[in-house]
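Please read the structure below before turning to the comments.
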Number of protein chains: 2
Amino acid sequence: MLTEKTVVKFLDELASNSPAPGGGSVAALASALGAALTSMVANLTIGKKKYLAVEAEMISLRSKTEELRKAFTVTIDQDTEAFNKVMEAFGLPKETDDQKALRSAAIQEATKEATLVPLRVMKLVVDALALTKVVADKGNTNSASDAGVAALMLHAGAEGAALNVYINLNGINDQEFVGWHTDEVATLQRTCKMKTDEILAIVNEKVIKKQS
Amino acid sequence: MLTEKTVVKFLDELASNSPAPGGGSVAALASALGAALTSMVANLTIGKKKYLAVEAEMISLRSKTEELRKAFTVTIDQDTEAFNKVMEAFGLPKETDDQKALRSAAIQEATKEATLVPLRVMKLVVDALALTKVVADKGNTNSASDAGVAALMLHAGAEGAALNVYINLNGINDQEFVGWHTDEVATLQRTCKMKTDEILAIVNEKVIKKQS
């Protein structure tokens, strides 16, 4: 499993001349980093006298960000597995007409799955950003920059996932599937951008205001 | 060392109620992921007949992205160390006037160093983005989405580093240092945004054009 490798080894495998792991797994990892930082800000708020009024909210929020972190972490490997299944399907025999038909169906099926994995990442990022906004707004002010980095990582994760949705949709023949998900990914991109901008406005207010 | 932990353990430590590692180390990791993906696209271009014309350029480029990847990876730990030194300085005794003066000087010194680490990340991201643009433009088209994710990670790394520069500048009394680096970080942010947009325009052209 990729997630059981050290950070250095993960980076080595990423940089290598193998296409997997690639951008899809990195998008999931970026999202996991964003969820983890959101949990951290909640953790640095819980137990502090100054933030007693939001303690219950932060405890409840943390259980959700930790669920999301787990889901993103699992997806780091899932994305690479989905990619490998597409490659396996391309490697199926194509001598007879029957083999050709089976191979083509297997490629289509595997490519649809490889599209749905990053789409799921994008949907989970929308949920995560809503929680990051709460910690940016009400969490420990000393950790405002961490809430900002959380939003940046979640947004990069969603945009990276979107590129993987688009590139996979190019290989799919089912035009209903393509049309539906092309609209969906564009809507998810707009939603994530809007939520990220809201968080960064809150964070910049806290982090940069003292300069003036 | 953080980078010798597994990805799962790194995420666990990040999410914990300890302020380090935090957003600064994540910004360095995001940049390392971007450099690694840039190397990957170069590696998936080298040795392919179709890309023989750019092979020498890709080989030369890869040695630079691998240097940058190493530099970013080292900074994952450096940022946390710099943060811990600031915390240590705050923990120095402050009973006598001499102790107070020493403590204050140590805090200032450590906070300056904690500002320079993410500034260095931003400068290296500018170099990395120039190379990512080359692989997005001339590299293996099948890996266009990976070049795009590389740019997204580098940009998130630079913006995350910028937040860490700003929050540290707030604690520094030396107004010449603050003024100089406030201008510098804003210039670096603009440069990184421009370069990232250029890369994403190239990538979107390759990845999304077939939808229409």
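Could you tell me which residue in chain A puts its beta carbon nearest the axis mapping A onto B, with the distance rounded to whole Å?
Nearest Cβ to that rotation axis, in whole Å: A:156, 2.
Could you give me D for segment A:83-212, from Stokes-Einstein at 10 °C and 1.306 mPa s, where the hydrodynamic radius is the Kirkwood radius over C-alpha pairs? Units µm² s⁻¹, please.
For these conditions, the coefficient is 95 µm²/s.
To the nearest 500 deg cm²/dmol, what mean residue ellipticity at 222 nm is calculated for chain A from DSSP H runs of n ≥ 4 alone, each contributing -39,500 (n - 2.57), summed and divided by the residues?
After summing the helix terms and dividing by the residues of chain A, the value is -28500 deg cm²/dmol.
Across the residues of B:167-180, average count of Cβ atoms on other protein chains within 10 Å?
For peptide B:167-180, the averaged partner shielding equals 2.
State, to one decimal in nm, how far the label point of residue B:100 lies from the label point of residue B:52, with both points 7 Å from Cα in the Cβ direction.
7.7
For A:201-208, what's the mean count of beta carbons from other chains sitting within 10 Å of each residue's beta carbon?
Across the residues of A:201-208, the mean count of other-chain Cβ atoms within 10 Å is 3.
How far is residue B:59 from the same spot in each other copy, in nm, shortest first, if each label point sits 7 Å from Cα toward Cβ?
Result for residue B:59, in nm, nearest copy first: 6.3.
Taking only Cα atoms and a 10 Å spring cutoff, compute GNM fluctuations for chain A and point out the largest among A:13, A:55, A:159.
Of the options given, A:13 has the highest mean-square fluctuation.
Within straight cross-link reach of residue A:70, meaning Cα distance under 22 Å, which lysines are found once same-chain residues fewer than 8 apart are removed?
Counting by Cα, and skipping residues close in sequence, residue A:70 has these lysines nearby: A:5, A:9, A:123, A:133, A:195, B:5, B:9.
Sorted by average packing, counted as other Cβ atoms within 10 angstrom per residue and highest first, what order do A:95-107, A:176-188 take?
Highest-to-lowest ranking by the protection proxy: A:176-188, A:95-107.
For chain A, with only Lys/Arg (+1) and Asp/Glu (-1) charged at the beta-carbon, what is the dipole magnitude about the Cα centre, in debye rounded to 20?
Using only the charged Cβ atoms, the result is roughly 1140 debye.
Kindly give the semi-axes, whole Å and largest first, of the ellipsoid equivalent to the protein assembly as shown, taking each as the square root of 5 times a Cα gyration tensor eigenvalue.
Output for the protein assembly as shown: semi-axes of 39, 24, 18 Å.
Between the label point of residue B:5 and that of the same position in each other copy, find the distances and list them shortest first in nm, with every label point placed 7 Å from Cα along the Cα-to-C-beta direction.
Output for residue B:5: 1.9 nm, nearest copy listed first.
At residue B:180, with labels set 7 Å past Cα in the Cβ direction, how many nm apart are the copies from this one, shortest first?
6.0
Tell me the label-point distance for the pair residue A:63, residue B:74, using the 7 Å Cα-to-Cβ offset, in nm and rounded to one decimal.
My value for the distance between the label points is 4.6 nm.
Please list, in order along segment A:160-167, the HN-Hα scalar couplings obtained from phi with the Karplus expression 6.51 cos²θ - 1.76 cosθ + 1.60 (θ = phi - 60°), rounded to whole Hz, x for Gly and Pro.
x, 4, 4, 4, 6, 5, 4, 5
Computed from the coordinates by the stated procedures, all read-outs in this text should not be read as laboratory data. What you see is a predicted model; the values in this text were computed from it and never measured. Cβ sites come from the backbone with ideal geometry, for glycine too, and all protein chains shown count toward neighbours.
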